[in-house]
Structures are given as structure tokens and as C-alpha cells.
1. What pairs come out if I take residues in the stretch 96-123 that are closer than 23 Å to GLN141 by Cα and pair them with residues that are hydrophobic (A, V, I, L, M, F, W, C) and open to solvent by 40 Å² or more (accessible area, probe 1.4 Å) whose C-beta lies under 8 Å away, six or more apart or interchain?
2. Among the residues of the stretch 108-130, what is the count of those that are surrounded by 18 or more Cβ atoms within 10 Å (Cβ to Cβ) and of a type in the set (D, E, K, R)?
3. Please identify the pairs in which a residue from the stretch 249-273 that is among the basic types (Lys, Arg) has its Cβ atom under 9 Å from the Cβ atom of a residue that is open to solvent by less than 30 Å² (accessible area, probe 1.4 Å), counting only partners at least 6 apart or on another chain.
4. Quick check on my filter: what residues within the stretch 31-60 are within 16 Å of the ligand (Cβ to nearest atom) and touching a strand residue (DSSP E or B) at 6+ places or on another chain (Cβ under 9 Å)?
5. Would you tally the residues in the stretch 61-79 being away from the ligand (no atom under 16 Å from the Cβ) and surrounded by 15 or more Cβ atoms within 10 Å (Cβ to Cβ)?
6. Collect the residues in the stretch 212-258 that are part of a loop (DSSP other than H, G, I, E, B), away from the ligand (no atom under 16 Å from the Cβ) and open to solvent by 20 Å² or more (accessible area, probe 1.4 Å), keeping them in residue-number order.
7. Kindly state which strands (runs of 3 or more DSSP E) lie completely within the stretch 21-92 and contain at least 3 residues that are farther than 16 Å from VAL278 by Cα.
8. Against the definition (assigned to a loop (DSSP other than H, G, I, E, B), more than 16 Å from the ligand (Cβ to nearest atom) and not β-branched (Val, Ile, Thr)), how does GLY196 come out, yes or no?
Amino acid sequence: MTMRTGLAVLALVAATIIASPAHAALNVFACEPEWGALATELGGDNVNVFVATTARQDPHQIQARPALIARLRSADIAVCTGAELEIGWMPVLLRQSSNGKVQPGGPGYFEATQQVRLLEVPTRLDRAEGDIHPGGNPHVQTDPRYMRVIAAALAHRLAQIDPAHAASYSQRAKAFDDKLGQAIQRWQTEAAPLRGVNVVIYHKAWIYLFSWLGMHEVATIEPKPGVPPGGAYLAQLLDDIPKQQARMVIYAAYQDSRAPDFVAEKTHIPAVMLPFTVGGTERAKDLFGFFDDMIERLLKAVK
Ligand SMILES: [Zn+2]
């Protein structure tokens with residue numbers, strides 16, 4: 001046997017071992033990176049996590065590509081945000097995947113927003129005006145206290161569909177909750193200078209972060225969630241910002257920086273890009289880095 005074929009055989013043996021563990025790992029289809037990160041925290045080696053979108057993509061606007069359908073077809077559980085964030089693509093994927101295990105209503109379909117109380121639930125719904133948050137604000141991942149509640153519910157669900165590893169999910173959930181609880185104390189102390197700070201935002205994506213840290217959203221670049229601003233609206237906004245004493249303009253990693261940069265420049269305040277989810281910035285490698293980085297970036301802007 002030559003060196004080359006010897007190595008090839010070895011690689012094949014290794015691949016076979018990796019591909020056939022004693023208990024097959026649960027296939028998790030995570031709609032957004034934060035849920036992929038959470039499933040990894042809770043599942044460890046018991047889960048194979050596929051993340052359908054990246055932090056550089058707008059989760060409201062995803063193409064239902066064949067590659068995603070194929071992934072959902074082999075999934076044991078789909079973990080999504082819900083509250084209609086994925087209304088433009090998940091229903092198509094669910095239908096086309098023909099996978100009975102992950103259909104809404106069953107244990108293999110998990111929505112984070114079903115586990116918590118949503119903010120900004122409209123009292124009067126008018127889709128014709130283009131509001132893409134008809135079920136309330138879906139962006140719950142920006143408050144780690146919400147993540148704690150969602151983590152407990154997800155661990156419970158993973159144990160339900162994979163009872164052989166129930167003890168492991170429960171143990172990991174406890175460890176994650178302890179670590180997150182300690183981190184929340186630290187973040188709250190560090191973020192004290194942010195309390196009462198007024199900010200302008202691009203998209204209504206931060207209400208959970210702001211209600212946690214005591215910040216105030218005084219204006220939005222989008223007149224309604226998902227609706228781009230017109231000239232008259234922008235002119236009014238530029239007029240209002242100094243009166244509102246806003247300290248910064250916040251936008252997400254996936255958004256075009258031109259509108260926030262323009263508004264920031266005209267009103268002489270900084271434009272601050274926040275990761276919005278895991279992977280949005282270099283430092284937001286996991287859920288802890290995600291919150292670390294958001295708080296650091298906000299603090300830098302008020303210094
Ligand atoms: Zn949104």
C-alpha cells in the first residue's frame with residue numbers, strides 16, 4: 001500500500017467512525033444563528049446543528065432555496081424565532097420538505113417567541129401599511145433574560161424528542177443557565193452608563209435590549225418595520241433628532257450602513273453597528289460574545 005492510499009483508507013475509516021456514533025445525533029435545523037448557538041449550548045455532541053441563515057442576512061427576507069429544503073427534510077427539530085419573522089420562507093420550506101417531524105403544532109417545531117411575552121404587539125393591525133411585525137416584535141434574542149427562559153423551554157423540548165439523552169440536556173441547561181445568570185449580573189453592572197440613553201434606530205429590532213438596559217428608542221429610520229423612509233420622513237427625522245437628544249444611531253450587522261451613516265453624519269452623533277445575532281461581528285462567536293460585544297459597542301458610543 002502506498003503512503004497516499006494508506007492515508008485515504010485512514011481518512012475513510014475516520015469518516016465512517018464520525019458518521020456512525022452509537023446514538024445518532026439529533027438533526028437540528030436552526031432558522032437563525034442565535035438558535036443554532038443555543039441548540040449547541042444545550043445539545044453538545046447529542047445534536048448536529050444546521051443554521052439556515054447568517055448574521056449578514058436579513059431574517060425577514062430569505063430565499064426558500066432547495067439546499068434549505070433538503071436540510072429541513074432530514075431535520076428532527078426546527079428551532080425558529082416565530083411571530084411571523086420567517087413568514088416569507090419557512091412555510092414554503094415546511095411544505096416542500098414533506099417532513100412530518102418538523103411541522104408546526106408537533107414537538108419537532110419550536111418557536112422561541114412562543115415561550116416569552118412579546119413587546120410591541122400591535123393593537124390595530126394593518127398589513128397594508130407594510131408592517132412586518134404583525135404578531136409583536138419578534139427580535140427576542142437581544143435580551144439575555146429572555147434567552148434564559150427560551151433555553152429552559154428548548155432543553156425540555158430536546159429531551160422530549162430525544163429521551164435517551166434527557167439527563168444530558170437537563171444538565172447542560174442547568175450549566176448554561178448558571179453561566180448566563182452570572183454573565184447577566186456582570187453585563188448589567190457594566191451597562192449602567194447606558195441607562196436613560198436616548199437612541200435612534202434603523203429597524204425596530206432592539207426593544208428587548210433597550211427594556212433590559214433602560215435605554216430609550218426615540219426615533220426610527222424606517223417609518224414602520226420593513227418600510228424604507230421617504231424624503232419627507234427623513235427630513236422630519238433629521239429635524240427631530242437634536243430635539244430628542246439622541247446619542248447614537250443603531251443598526252444591525254446585516255443592514256446597509258448608508259442610511260444610518262447619513263443620519264448620523266447630519267445630526268453629529270455616531271452610527272453604531274451591533275451584531276444583532278451570533279456571528280454578526282468577529283467577537284460575537286457565541287451567545288456570550290454576542291452580548292459582550294453589543295454592550296462594549298454601546299458603551300464606546302456614550303464615552
Ligand atoms: Zn423585524
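The values are calculated or read from the model by the stated rules, or taken from the named source; none is laboratory data. Only a predicted model underlies this, so the values are computations on that prediction, with no experimental measurement involved. All Cβ positions, glycine included, derive from the backbone under ideal geometry; neighbour counts span all protein chains shown. The accessibility values were calculated without ligands, DNA or RNA, using every heavy atom of the protein model including side chains. Shrake-Rupley method; radii C 1.70, N 1.55, O 1.52, S 1.80 Å.
1. As it stands, the answer is PRO107/ILE161; GLY108/ILE161; GLN115/VAL149; VAL116/VAL149, since those pairs meet every condition given.
2. 1
3. LYS266/ILE241
4. CYS31, GLU32, PRO33, TRP35, THR53, ALA55, ASP58
5. 11
6. GLY230, GLN245, ARG247, SER257
7. Because the criterion is at least 3 residues that are farther than 16 Å from VAL278 by Cα, the strands (runs of 3 or more DSSP E) in the stretch 21-92 that meet it are 26-30.
8. Taking the combined requirement at face value, the residue satisfies it.
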